Amino acid sequence: MSQPTVPPLPQIFNFLQLAAQNPTQYGGNAADAPELTRILQEIRDLSIPNGAQHSAQGLEPYQSIARANNPTWNARPDLRPKISKFRIVKHTHWGKAYWSPVDLLGLFFSRLEPAPLGATVRTFFLPMTALFGRWAFQLVGHYAGMQSCMWKIQDNGPAQFFLGASIVGYDADIPTCGNWRRVIQKARYSLLPNESLFLRDWSFANSPHGPIHPKDDYPLGNCAELYPYLHLLRGVDESNKNVYGIALKKKGVRSPSYNDTLQGSVWQNVQWPCVKCRELIHIQEGVLANFAPYAGSKGAPP
Ligand SMILES: [Zn+2]
């Protein structure tokens, strides 16, 4: 089987560098250049094969999560493996924290050109989601289980979109790292607006469960939808009804080339948001029907 057609890492970095230096050429704002340059440096540092933070001496095992050693790990070996070897190091941009190059890439894209006028799932949002998943793979060497794209339709202007992925690029072997995976999961959860969750008795340990994904152990905030949700479904706003989304499984990203047929590996791997994300969408008064996996498939060849 041939490999997906995706640019090698140096080409991806070249593209991002041109865009960071001159955002207006790519549909962004000139004023964003310094911040985009910082984001790009963080992406480079966290990427394989030898980004400065990815492969930092003393922070083994190497991985694509911004981290620092947890001093308690060495001071209190008796507490292992219930504590984590690492702490998260947060990079804050426009008021939100990031520690994964994949989520930073999603942020980077969102500051460039919005979706073309008249963009549809087939012409833009789904191909973009697949492209994002492939670029993310180039950054961290693993495919995320899920990728998500959300977009907000505006009355007069192009749709804003935001891409995200489920947790990927970490190494949380328990004997080596203790409960590091839990720390990452909690950090993602902690980005959610906790007041609205609290009012409904949802928490990190108690998230909405249902028949959709009975086996997955992903707590609230650990799905691909997290950052798209944080950026586009904010507050309780009438315009949240104009937010749409699509979720694409790993299998839809790994396919050798993009294929728009309904029987192809892309359309066969779109899916509804999980029960937790449905609840989050509901809390923000979004419209679940806007996230129906085949809502945008009209006209696709069989
Ligand atoms: Zn979910």
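Ligands, DNA and RNA left out, the accessible area of the range 9-291 computed with a 1.4 Å probe is 52% carbon and sulfur. In summary, the aspartates and glutamates within cross-link reach of Lys90, defined as a Cα separation below 16 angstrom excluding same-chain residues under 8 places away, comprise Glu35, Glu42, Asp45, Asp103. In the range 103-179, the alpha-carbon atoms span a convex hull of 95 Å³ per residue.
Could you grab the relative contact order for the range 213-302? Cα pairs under 8 Å, six or more apart, rounded to a whole percent. Numbers along the way, then the final one.
Details: 105 pairs, mean separation 30.5, N = 90.
Computed over the range 213-302, the figure is 34 percent.
Using C-alpha pairs under 8 Å with a sequence gap of at least 6, the mean separation divided by the residue count of the chain gives a relative contact order of 17 percent.
Taking amide H as placed 1.01 Å from N in the peptide plane, the amide H of His93 sits under 5 Å from that of Tyr98, each at least 5 places away or on another chain.
Work out, in µm²/s and without decimals, the Stokes-Einstein translational diffusion coefficient of the chain at 4 °C, 1.567 mPa s, Rh from Kirkwood over C-alpha pairs. Working shown, then result.
Numbers: Rh = 19.9 Å.
Rounded to a whole number, D works out at 65 µm²/s.
When the surface is traced with a 1.4 Å probe over the full set of protein chains, Lys96 keeps roughly 50 Å² accessible.
Taking every protein chain into account, the 1.4 Å probe leaves Thr24 with about 80 Å² of accessible area, to the nearest ten. Near Ser84, the amide H atoms lying under 5 Å from its own belong to Asn179; only residues 5 or more places off or on other chains count, and H is placed 1.01 Å from N. Among Arg111, Arg44, Arg122, the largest mean-square fluctuation in a Gaussian network model of the chain (Cα springs under 10 Å) belongs to Arg122. Set the Cα radius of gyration of the range 183-282 against 2.2 N^0.38 Å, with N its number of residues, and you get 1.19. Residue by residue, the range 267-282 carries 3J(HN,Hα) couplings of 4, 6, 10, 7, 8, 5, x, 5, 4, 5, 5, 4, 5, 4, 4, 4 Hz when phi is fed to the Karplus relation 6.51 cos²θ - 1.76 cosθ + 1.60 (θ = phi - 60°); x denotes Gly or Pro.
What does the extension gain come out to for Gln263 and Ala30, with contour length at 0.36 nm per residue minus their alpha carbon separation?
Working: separation 233, 0.36 × 233 = 83.88 nm, distance 4.23 nm.
Taking 0.36 nm per residue and subtracting the Cα distance, the gain is 79.6 nm.
The values are calculated or read from the model by the stated rules, or taken from the named source; none is laboratory data. Remember, it's a predicted structure, so these values are computed and weren't measured experimentally. All accessible areas refer to the heavy atoms of the entire protein, side chains included, with ligands and DNA or RNA removed. Shrake-Rupley method; radii C 1.70, N 1.55, O 1.52, S 1.80 Å.
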